[in-house]
Structures are given as C-alpha cells and as structure tokens.
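Beneath this line is the structure, given in structure tokens, with notes to follow.
The values are calculated or read from the model by the stated rules, or taken from the named source; none is laboratory data. Keep in mind it's a predicted model, so treat the numbers as computed, not measured. Cβ placement follows ideal geometry from the backbone for every residue including glycine, while neighbour counts extend to all protein chains displayed. With ligands, DNA and RNA removed, areas are computed over all heavy atoms of the protein, side chains included. Shrake-Rupley method; radii C 1.70, N 1.55, O 1.52, S 1.80 Å.
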Amino acid sequence: MTDLTFREAGPADVAGVVALVESAYRGESSRAGWTTEAGLLDGRRTDEDAVAAVLADPDATVLLAERDGRTLGCCELRRAGELAYFGMFAVDPASQGGGIGRRLLTHADAEAVRRWGAPAMEMTVIAQRRDLIAWYERLGFAATGERRPFPHGDERFGRPRRDDLEFVVLRRPTGAAS
C-alpha cells in the first residue's frame, strides 16, 4: 500500500469532494464510520456550489489526502484574520481510524503556517458531538468557551432532528503535536 499524498483540490474535484463529505456525515453510508451526524441531521452537509465557492476564494482552499489516486480525505482551510479556519473535514467512512484524518490535519496545520503564518487554527463542531470534540482535544484543540448558533432553518446545512444544536469553537496553536 502506498503512502498518502496531499494536494489542493481544483474545479474537477468538486463533485468528488461533495460525495466524500456527504458519505462521511450524512445518510446510511456515514454509519460505517464514527463521524456520522445522521442521528442529529437529515439532508445535505454541503453541495457543489458551496465547495466551488471555497475553491474560488483566494483566501481559502480545499486540501485532499489521496492514496493510489483515490481521494480518502478532505478539508477546507481558510484565512480568518490572523488565524486559519479548519472545516469541511471528512475521511472516507471505510478508511476512518487508520490515521488519515490525523495526517491530513497535520498537513493542513503546516499549510496554514506556510500560506498565512497563522499562529493557530480554529474550527466549529456541533456541541452534541462529544466523541468528536474529545478526538480534537487529543490532537491539541481546546474549547475557547465561545458558542455559535446552528443555522436552523437553512437547509444548506441540513435539517436538524433536534432544536438544541449549536457549535462550540475549538482552537489549537499551529505546530501543536498531532
């Protein structure tokens, strides 16, 4: 088995990124991994317009992790003031637990420093995803104490199955051990 390679996504990758993100978070296929949000949300997690908008933004990119030409992971990296925002993080459900996410996060961290000199990366996670938050904490992220509202009623982010969803903001210094 060859090692992972990393690259920036381009316009030809949009549909594949959408399929990967959807498979990791929504619907029955997401239940093969541990990152599923299927119990919390129905509907889509992203769409082609949203991914294309990230690619068109000069202060953002989508990074891909591939093995043997197959995309196994992706993430959005965006300049957010002096920080870097880390989001749209997905790993193929059948490949979760094998270190791909950890390696992609490490690559994104290095890219945030290389591109923007970002001293830290910030992300948002649905507060009810305690298992996922704990995983990020093991990788050096810490809760900032800030909470942000979930966009209830905006189906671009899915249809909540409960009305108490909100985001917690996590941050870690770039270069943190992963």
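Among GLY97, GLY81, which is the only one that is modelled with pLDDT of 95 or more, at positive phi and out of contact with any strand residue (DSSP E or B) (no Cβ under 8 Å at 6 or more places or on another chain)?
Of GLY97, GLY81, the one residue that is modelled with pLDDT of 95 or more, at positive phi and out of contact with any strand residue (DSSP E or B) (no Cβ under 8 Å at 6 or more places or on another chain) is GLY81.
Quick check: anything in the stretch 32-47 at pLDDT 85 or above, in contact with a helix residue (DSSP H, G or I) (Cβ under 9 Å, 6 or more places away or on another chain) and either among the small types (Gly, Ala, Ser) or not in a helix (DSSP H, G or I) (or both)?
yes
One line per residue, one yes/no per condition, for (1) within 27 Å of GLY16 (Cα to Cα); (2) open to solvent by 50 Å² or more (accessible area, probe 1.4 Å); (3) in a strand (DSSP E or B):
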site	(1), (2), (3)
ARG79	yes, yes, yes
GLY87	yes, no, yes
ALA94	yes, yes, no
ALA108	yes, no, no
ALA112	yes, no, no
TYR136	yes, no, no
ASP163	no, yes, no
GLY175	no, yes, no
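Of everything in the stretch 56-111, what is farther than 15 Å from ARG7 by Cα and of a type in the set (S, T, N, Q)? Give them in sequence order.
SER95, GLN96
Can you tell me how many residues within the stretch 145-161 are buried (at least 16 other Cβ atoms within 10 Å of the Cβ) and either out of contact with any strand residue (DSSP E or B) (no Cβ under 6 Å at 6 or more places or on another chain) or free of Cβ contacts under 8 Å to residues at least 12 places away in the same chain (or both)?
1
Hey, GLU48 hits all of (1) closer than 25 Å to HIS152 by Cα; (2) surrounded by 15 or more Cβ atoms within 10 Å (Cβ to Cβ) but one; which does it fall short on?
(2)
Among what's in the stretch 119-144 and is out of contact with any strand residue (DSSP E or B) (no Cβ under 8 Å at 6 or more places or on another chain) and not acidic (Asp, Glu), pick the residue that is nearest to ALA24 (Cα to Cα).
This residue is ARG129.
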